[in-house]
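See structure below.
Every number here is computed from the coordinates shown, using simple stated rules; none is lab data. Values in this document were obtained by computation on a predicted structure and should not be read as measured data. Note that each Cβ is placed from the backbone with ideal geometry, even for glycine, and that neighbours are counted across all protein chains shown.
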Amino acid sequence: MDIKKWYINMDIVQLPWVDIIHDIEKTPYPFSDNFFDEIYTDMVLEHIHNLPKVMAEMVRIGKNWCKIKIIVPYHSSPNLWWDPTHLRWFNTNTFWGFHPNSFPLLWNFIVEKYRIHFLSNENSFMRSKKINIIPDFFINILPKVYERFFSYIFPSSEIHYLIIIKK
């Protein structure tokens, strides 16, 4: 429901604000190679069966240095588990297997940064809302420590990733 001006809004269903009707899991997408400067997904990728296939397609349609902005539920989020259509969870290591050092011939992108948000911060990419400033600050000082020891005691709501395509 987060409609972005100056973006091409794609969804699987026909709605008034949808520009392109297409199932994100069906490839190829109806865009040419190297089409986008920026790709934005908000609460989408947790519903995907084949994340590597979808990421590969985003790399195909993104230009060199394209930014992929991703907002998804964090692995300890209570909101992750109430929706039966959620198929996966995300944490600070989710995209590690996609790193060029892991499989240099397969992946042409890197995770530039990620940020965990204590409470829902949708529609505000990588920025903390006022209510989140203090917990987000402490969580993101040492995110791996938080993730290992405290994420299920004080569960966070979502994680944001900034991924850069490098072709």
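Observations, loosely collected:
- Rounded if a/c under 1.5, otherwise prolate or oblate - the chain, Cα gyration tensor axes: prolate
- Annotation: extensible slack from His86 through Glu112 equals 6.8 nm (criterion: 0.36 nm per residue apart, minus Cα-Cα distance).
- DSSP bridge pairs, the stretch 10-165: antiparallel proportion in percent, nearest 5: 60 percent
- Relative packing of peptides 61-68, 111-118 - highest average C-beta neighbours within 10 Å first: 111-118, 61-68
- Extension gain, Val44 back to Lys26 (0.36 nm per residue minus Cα-Cα distance, nm): 5.1 nm
- Gaussian network model of the chain, Cα within-10 Å springs - most flexible of Ser157, Ser76, Ser124: Ser124
- Label-point gap, in nm, between Asn34 and Val18 - each point 7 angstrom along Cα→Cβ: 3.1 nm
- Over the chain, dividing the summed -39,500 (n - 2.57) contributions of all DSSP H runs of at least 4 residues by the number of residues returns a 222 nm mean residue ellipticity of -4000 deg cm²/dmol.
- Filter on Lys113/Lys167; Lys69/Lys113; Lys26/Lys166; Lys26/Lys67; Lys5/Lys130 - keep pairs with C-alpha separation over 20 Å: Lys26/Lys166; Lys26/Lys67; Lys5/Lys130
- Selection from Ile139, Trp96, Leu51, by position along the positive dipole direction of the stretch 10-165 (Cβ): Ile139
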